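The values are calculated or read from the model by the stated rules, or taken from the named source; none is laboratory data. Treat the numbers as computed from the prediction; the structure is a model and nothing was measured. Here the Cβ is made from the backbone with ideal geometry for all residues, glycine too, and neighbour counts use every protein chain on show. Note: areas computed on protein heavy atoms with side chains; ligands, DNA, RNA excluded. Shrake-Rupley method; radii C 1.70, N 1.55, O 1.52, S 1.80 Å.
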Amino acid sequence: MDNPTVIKLINPETQLAFDLPMLSGTLGPDVIDIRALYQQTGLFTYDPGFTSTASCSSAITYIDGEAGILLYRGYPIEQLAEKCDFLEVCYLLMHADLPNAKELKNLIKSTTEHSMVHDQLTNFYKGFRRDAHPMAIMVGVVGALSAFYHDAIDIKRPDHRYICAIRLIAKMPTIVAMCYKYSIGMPFMYPQNKLGYVENFMYMLLGSPCETYQPNPVLVRALDRILILHADHEQNASTSTVRLAGSSGANPYACVTAGIACLWGAAHGGANEAVLKMLEEIGDVTQIGHYIARAKDKNDPFRLMGFGHRVYKNYDPRAKLMRETCHEVLTELGLHDDRLFKLAMELERIALEDDYFITKRLYPNVDFYSGIVLRALGIPSTMFTAIFAMARSIGWIAQWDEMIADPEQKIGRPRQLYTGPIQRDVTPIATRS
Ligand code: SDX
């Protein structure tokens, strides 16, 4: 990764020149190594939102925002979505290559054996109101996992980190399904070891103890693909949150909980739920022009949810795959005339022809169609981000593992551009105006 090229930095006040080394990865932009900048120059860099900052080196996911490319460990997302299932992708993200048949069988066995949660964990749900947002419950319950396994974790041991990953992947579907059952006053459904990963999740989410539930295999495959599309995405806000929390050596379940909290925001993983609310609010194709105008109005806080991305300045490859999945699911369910899907496609068509969206390079992102698919699968919109969190858990824990194993890893501690008062003295309260 080292590169002899340097960038010369000349301080205009002192005319002193500093050499900053350039580093190259295997793909993507080179970086300027500024680790010694403050020590050499007394200067900080300034980059709120980290629009031009690489916070780490990573070998897990590569995104080319201009070309609309997304690779997990070098494999294109289009091929993974078509040729693999979610557990294969989990293995890939954790182990840097796709599993062979024996390795996949072992992963299936491990995740099956760890899919139950400690029965006392069910008590945490009872502390919430039935109408609590599932993401609020997720923050509480996943955080509580750190109370059940804190003694079995020496994060410097790869085998301990691995069992953390297995427990998280295995238990997230159970926890997410329990969030939904709790919110509708239905009994929890326990995982069935004879069912596949996604089949088991749909059984726990949509099944009932009173009757046999056999998920439609087309819908199972569609949800499996949705999980693949959401599994990891480089140093997005929630992954960066998990890395920053983990850099202090915190319990990995607590770090993932921090990621869940961050993902909940409407600018991030909460967008899929917001898209559905937006489509319901638009209501009809005749209203699209009005809402496009609002999205363009600087004085109107309304944004076209599911549009735009910090990195993709071209089409989000996941959005294309999600639209195909949407069409497949709606056709399978005889809903190809689904009102919201037709509204979404018309909204996309009109937006992509509008100069504002063209010049600002705003395209549909992964969240634009995911809500319509999940709704068609019978999943309520309040659960959408919880399902995103279930999928992203593998990305979070794989990135956390990579960070803990990184010899260059240090506690994350950004600096600031201070704009507050210069030093002053405290005055007695009697003299204060
Ligand atoms: C995810 O980072 C990841 O990888 C995230 C994610 C992942 O897998 O982890 O891909 C998942 O979070 C997808 C994004 C979901 N969020 C939304 O769909 C919410 C709507 N989108 C936006 O809020 C926005 O596009 C962001 C948050 C996604 C990106 O914001 P940026 O990169 O900070 O861009 P910006 O806010 O600076 O916008 C640039 C310009 C602005 O106009 P100007 O100030 O330059 O005049 O584009 C405008 C914005 O006003 N703009 C929009 C818009 N998004 C940006 N205008 C209308 N509608 C929008 N959706």
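Descriptive notes on the structure:
- Residue within region 324-336 that is touching a residue at least 24 places away in the same chain (Cβ under 8 Å), in contact with a strand residue (DSSP E or B) (Cβ under 7 Å, 6 or more places away or on another chain) and part of a loop (DSSP other than H, G, I, E, B) present: no
- Test for Phe368: is it aromatic (Phe, Trp, Tyr), within 16 Å of the ligand (Cβ to nearest atom) and either open to solvent by 10 Å² or more (accessible area, probe 1.4 Å) or part of a helix (DSSP H, G or I) (or both): yes
- Counting only helices (runs of 4 or more DSSP H) that sit completely within region 106-196, those holding 1 or more residues that are over 22 Å from Pro209 (Cβ atoms) correspond to 134-149, 158-183.
- Some residue of region 67-87 being under 30 Å from Arg413 (Cβ atoms) and open to solvent by 30 Å² or more (accessible area, probe 1.4 Å): yes
- Residue within region 247-255 that is among the hydroxyl-bearing types (Ser, Thr, Tyr) and within 11 Å of the ligand (Cβ to nearest atom) present: no
- Of all residues in region 1-45, those that are over 22 Å from Ser57 (Cβ atoms) and either β-branched (Val, Ile, Thr) or touching a Phe, Trp or Tyr at 6+ places or on another chain (Cβ under 8 Å) (or both) total 5.
- Of residues in region 88-105 being aliphatic (A, V, I, L, M) and in a helix (DSSP H, G or I), the one most open to solvent (accessible area, probe 1.4 Å): Ala101
- If the condition is being part of a helix (DSSP H, G or I), in contact (Cβ under 8 Å) with a residue 24 or more places away in the chain and open to solvent by 50 Å² or more (accessible area, probe 1.4 Å), then region 33-66 contributes Tyr38, Phe50.
- Single residue of Thr112, Thr122 found to be under 24 Å from the mean Cα position of the chain (by Cα) and open to solvent by less than 70 Å² (accessible area, probe 1.4 Å): Thr112
- Filtered residues of region 288-319 (kept if of a type in the set (Asp, Glu) and either within 7 Å of the ligand (Cβ to nearest atom) or within 16 Å of the chain's Cα centre (by Cα) (or both)): Asp316
- Residue in region 353-364 that is within 25 Å of Gln287 (Cβ to Cβ), within 16 Å of the ligand (Cβ to nearest atom) and open to solvent by less than 10 Å² (accessible area, probe 1.4 Å) present: yes
- Hits in region 259-287 (condition: aliphatic (A, V, I, L, M) and either in contact with a Cys (Cβ under 7 Å, 6 or more places away or on another chain) or near the ligand (Cβ under 8 Å from one of its atoms) (or both)): Leu263, Ala266, Ala267, Ala271, Ala274, Val275
- Boolean, Ile350 is surrounded by fewer than 20 Cβ atoms within 10 Å (Cβ to Cβ), in contact (Cβ under 8 Å) with a residue 40 or more places away in the chain and within 16 Å of the ligand (Cβ to nearest atom): yes
- Residues of region 376-433 classified as in a loop (DSSP other than H, G, I, E, B), among the β-branched types (Val, Ile, Thr) and within 30 Å of Leu333 (Cβ to Cβ), total: 1
- Leading residue by the ranking (farthest from Met202 (Cα to Cα)) among those in region 371-387 that are touching a Ser or Thr at 6+ places or on another chain (Cβ under 9 Å) and open to solvent by 10 Å² or more (accessible area, probe 1.4 Å): Thr382
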